[in-house]
Amino acid sequence: DALGRRILCGTEYATVRYVGSVPPAAGIWLGVEWDDPQRGKHDGTYEGTQYFKCRHPKGGSFIRPNKANFGVDFLTAIKDRYGLNYEQDVQHGTENTLVFGKKIVEFVGMDSIAEQQRQVQLNQLVDISVRECAVSHAGQEEEISRTCANIRHINLSKNLISSWETVVAIASQVQNLETLNISENKMKFPSTPTSVSSVFSKLKILALNQTDITWKEVLLCAPGWPALEELYLTSNNITVLERPDNVLQTLKLLDLSENQLQDGSQLHAIAHLPRLEQLILRNTGLTSIYFPDVGFGCKSKMFPSLKRLAIQDNKISQWSSINELDKLPSLRSLQCHNNPFMDTEKNPETLRQLIIAKISQLEVLNKSEIKERKGAELDYRKIFGKDWLAAGGNWNPEKNKPSEEFLAAHPRYLSLCLKYGTPEEGELKGQQPLILKNQLLTLTIKCPERPEQKPVEKKLPESMTIQRVKGLLYRLLKIPGSELKLSYESSKLEGKEVELDNDLKPLQFYSIENGDCVLVRW
């Protein structure tokens, strides 16, 4: 039955929505809905009669059956792709040679030897790709398992598979299937619970991008994926998520990018997947993220194992969502490019520092390793020091009671004060946090472990990088920069030293001020 089948017509993909006559024209016609609606002429209605329905008003056409390519079976596609198809390999006009791939083989009893060679080659295939090979069905029963016993990884993307049953029919013949990509096949998925079989018992990675699957259908199929670790579901019009009960419990990576989720609360439905380490939510329409089970300063029970989160290309406009991410107990890496909250700060360096200071355990931000945490946290403490005082903050610990409003906007502020001490008054005078002027700093340079080296006073531009400071010290001390370890102490950070550990950063990055002391060790 052609109805519902996927077809190719030239290079265009379509789904058959109608088979039959279209008066007054004679003969049988196929009513098709094109993947590219620009290709069509109508919505399935012709001369006032509706033959089928389309999503797009111009998405449909009628074509003759002989124009439709209904595809090939899986094994034929493999043989074609890997140059192992007998009919193609025999070069006409040579009577005693067989071209096999690029090898010319003399034959005796041609059929049997060529067949054996093909069997050996097919049996050696472990990782196969038949992307865009017009695969539409599994072929004869058991033929795949007889011929390709060692396959573990299959790329079946952009073919003519029209139902999940076809996928099962192919996979059931591949004993050790670990990776399966069936993206870009518009297909029908089961609408009722499926009987659990062992077909996908070893499957670890599954890609279902652009297949029109819904989250409900994912959960109906998921009991059959008991060992699944990575699931890719991009561009599927998934808007609502439901909690997976007793399924997907082994999942480590989930990619829901390019699905317009209804709101941020949808994430709560998947927040209790115990092993989920990586969640990719690029361009999902998110406007906010929140974990309501705990207050600030506490760790949420949601997403207990989540280490890597990608939320770039969304609509998150409030810094409060970044504050919320500090509640995730395992978060180590964040990608958050291209969200409106980032437009609130013009200087990209300052922007990065603010995010680092707000999320205490972060190690990688926007694919770049965080080496500047100490400087970022010290700066944050200074930048918002005036707001802290205005909101009721005080140098006297007994009177230090900033307002709830301030703490909601800066949940980590008090813990940063505990870590580095409260900001001194001198640090806050005329503070212009987001404008970094190029001033000269008067610094004392000391070598605490070499008393014979007398302290030296130097005037250095605050834009000078640590690398250049080391160059200057080389001229002073004749010690190569690579052997020098620098830190600084300030009267405002009693007894605390701050390492100057990134050669590429300027002095101002570490919040060094006039009168501070640079300590040199080697």
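The values are calculated or read from the model by the stated rules, or taken from the named source; none is laboratory data. Computed from a prediction, not measured in an experiment: that's the story for all the values here. Glycine gets a Cβ as well: all are built from the backbone with ideal geometry, and neighbour counts include every protein chain shown. Ligands, DNA and RNA are excluded from the accessible area calculation, which covers all protein heavy atoms including side chains. Shrake-Rupley method; radii C 1.70, N 1.55, O 1.52, S 1.80 Å.
Hey, any hits in segment 192-206 for a residue that's within 23 Å of the chain's Cα centre (by Cα) and closer than 20 Å to Glu258 by Cα? Working first, answer last.
Our first condition is that a residue be within 23 Å of the chain's Cα centre (by Cα); within segment 192-206, this holds for 203-206.
Pick out the ones that are also closer than 20 Å to Glu258 by Cα and you get 205-206.
Yes: one or more hits.
For Lys386, work out the one condition from (1) open to solvent by 20 Å² or more (accessible area, probe 1.4 Å); (2) in contact (Cβ under 8 Å) with a residue 60 or more places away in the chain; (3) on the phi < 0 side of the Ramachandran plot it doesn't fulfil.
(2)
Of all residues in segment 340-393, which are among the hydrophobic types (A, V, I, L, M, F, W, C), over 23 Å from Leu504 (Cα atoms) and part of a helix (DSSP H, G or I)?
Phe341, Met342, Trp388, Leu389, Ala390
Quick check, is Lys307 open to solvent by 30 Å² or more (accessible area, probe 1.4 Å) and more than 26 Å from Asn259 (Cα to Cα)? First the steps, then the outcome.
On the way: open to solvent by 30 Å² or more (accessible area, probe 1.4 Å): yes; more than 26 Å from Asn259 (Cα to Cα): no.
In short, no.
Only one of Ser360, Ser317, Ser403 is of a type outside the set (D, E, K, R) and touching a Phe, Trp or Tyr at 6+ places or on another chain (Cβ under 8 Å). Can you tell me which?
Details: Ser360 fails: touching a Phe, Trp or Tyr at 6+ places or on another chain (Cβ under 8 Å); Ser403 fails: touching a Phe, Trp or Tyr at 6+ places or on another chain (Cβ under 8 Å).
Only one candidate qualifies: Ser317.
What tally of residues in segment 314-328 results from selecting those that are touching an Asp or Glu at 6+ places or on another chain (Cβ under 9 Å) and either open to solvent by less than 50 Å² (accessible area, probe 1.4 Å) or not hydroxyl-bearing (Ser, Thr, Tyr) (or both)?
1
Kindly indicate which of Glu513, Glu489, Glu494 is on the phi < 0 side of the Ramachandran plot and either surrounded by fewer than 17 Cβ atoms within 10 Å (Cβ to Cβ) or of a type in the set (Lys, Arg) (or both).
Values: Glu513 fails: either surrounded by fewer than 17 Cβ atoms within 10 Å (Cβ to Cβ) or of a type in the set (Lys, Arg) (or both); Glu489 fails: either surrounded by fewer than 17 Cβ atoms within 10 Å (Cβ to Cβ) or of a type in the set (Lys, Arg) (or both).
Just one listed residue meets the conditions, Glu494.
Hey, can you tell me all the residues within segment 253-269 that are crowded, with 17+ Cβ neighbours inside 10 Å and part of a loop (DSSP other than H, G, I, E, B)?
The answer is Leu256, Ser257, Glu258, Asn259, Leu261.
Residue under question is Val240, and the condition is that it be surrounded by fewer than 17 Cβ atoms within 10 Å (Cβ to Cβ) and either assigned to a helix (DSSP H, G or I) or assigned by the TED database to the domain that holds Leu273 (or both); does it hold? Talk me through it step by step, then tell me what you get.
Numbers: surrounded by fewer than 17 Cβ atoms within 10 Å (Cβ to Cβ): yes; either assigned to a helix (DSSP H, G or I) or assigned by the TED database to the domain that holds Leu273 (or both): yes.
So Val240 fits the description; yes.
Please report, ordered by residue number, the helices (runs of 4 or more DSSP H) entirely within segment 114-232 with at least 1 residues that are more than 26 Å from Asp1 (Cα to Cα) and open to solvent by 40 Å² or more (accessible area, probe 1.4 Å).
Details: elements: 143-147, 164-171, 215-221.
Counting at least 1 such residues, we get 143-147, 215-221.
Please state which of the following conditions Gly295 fails to meet, knowing it meets all the rest: (1) at pLDDT 95 or above; (2) over 19 Å from the mean Cα position of the chain (by Cα).
Failing condition for Gly295: (1).
So which residues in segment 394-407 are in a loop (DSSP other than H, G, I, E, B) and open to solvent by 80 Å² or more (accessible area, probe 1.4 Å)? Write out each step before concluding.
Start the filter on segment 394-407 by keeping residues that are in a loop (DSSP other than H, G, I, E, B), which leaves 394-403.
Result: Trp395, Pro397, Glu398, Lys399, Lys401.
In this structure, is Asn502 in contact (Cβ under 8 Å) with a residue 60 or more places away in the chain, open to solvent by 20 Å² or more (accessible area, probe 1.4 Å), in a loop (DSSP other than H, G, I, E, B) and farther than 30 Å from Phe296 by Cβ? Break it down into steps so the answer makes sense when it comes.
On the way: in contact (Cβ under 8 Å) with a residue 60 or more places away in the chain: yes; open to solvent by 20 Å² or more (accessible area, probe 1.4 Å): yes; in a loop (DSSP other than H, G, I, E, B): yes; farther than 30 Å from Phe296 by Cβ: no.
Here the answer is no, as Asn502 does not meet what is asked.
Mind checking which pairs have a first residue in segment 319-336 that is touching a residue at least 60 places away in the same chain (Cβ under 8 Å) and a second that is open to solvent by 20 Å² or more (accessible area, probe 1.4 Å) and basic (Lys, Arg), Cβ under 9 Å, 6 or more apart or different chains?
Cβ pairs passing all conditions: Asn323/Arg412; Asp326/Lys299; Asp326/Arg412.
Could you go through segment 428-442 and let me know if any residue there is under 20 Å from Ala376 (Cα atoms), assigned to a helix (DSSP H, G or I) and either modelled with pLDDT under 90 or touching a Gly at 6+ places or on another chain (Cβ under 7 Å) (or both).
Yes, segment 428-442 has at least one match.
One residue is enough: does segment 8-30 have a residue meeting the conditions open to solvent by less than 50 Å² (accessible area, probe 1.4 Å) and outside any strand (DSSP E or B)?
No, segment 8-30 has no match at all.
Collect the residues in segment 48-71 that are surrounded by fewer than 16 Cβ atoms within 10 Å (Cβ to Cβ) and touching an Asp or Glu at 6+ places or on another chain (Cβ under 6 Å), keeping them in residue-number order.
Within segment 48-71, Pro57 is the sole residue that qualifies.
Go through segment 279-304 and count every residue that is open to solvent by less than 50 Å² (accessible area, probe 1.4 Å), part of a loop (DSSP other than H, G, I, E, B) and closer than 17 Å to Leu231 by Cβ.
Qualifying residue count, segment 279-304: 3.
Hey, any hits in segment 232-247 for a residue that's touching a Pro at 6+ places or on another chain (Cβ under 6 Å) and over 30 Å from Leu418 (Cα atoms)?
At the first step, the residues of segment 232-247 found to be touching a Pro at 6+ places or on another chain (Cβ under 6 Å) are 247.
Next, only the ones that are over 30 Å from Leu418 (Cα atoms) stay: 247.
So far as segment 232-247 goes, yes, one or more of its residues are touching a Pro at 6+ places or on another chain (Cβ under 6 Å) and over 30 Å from Leu418 (Cα atoms).
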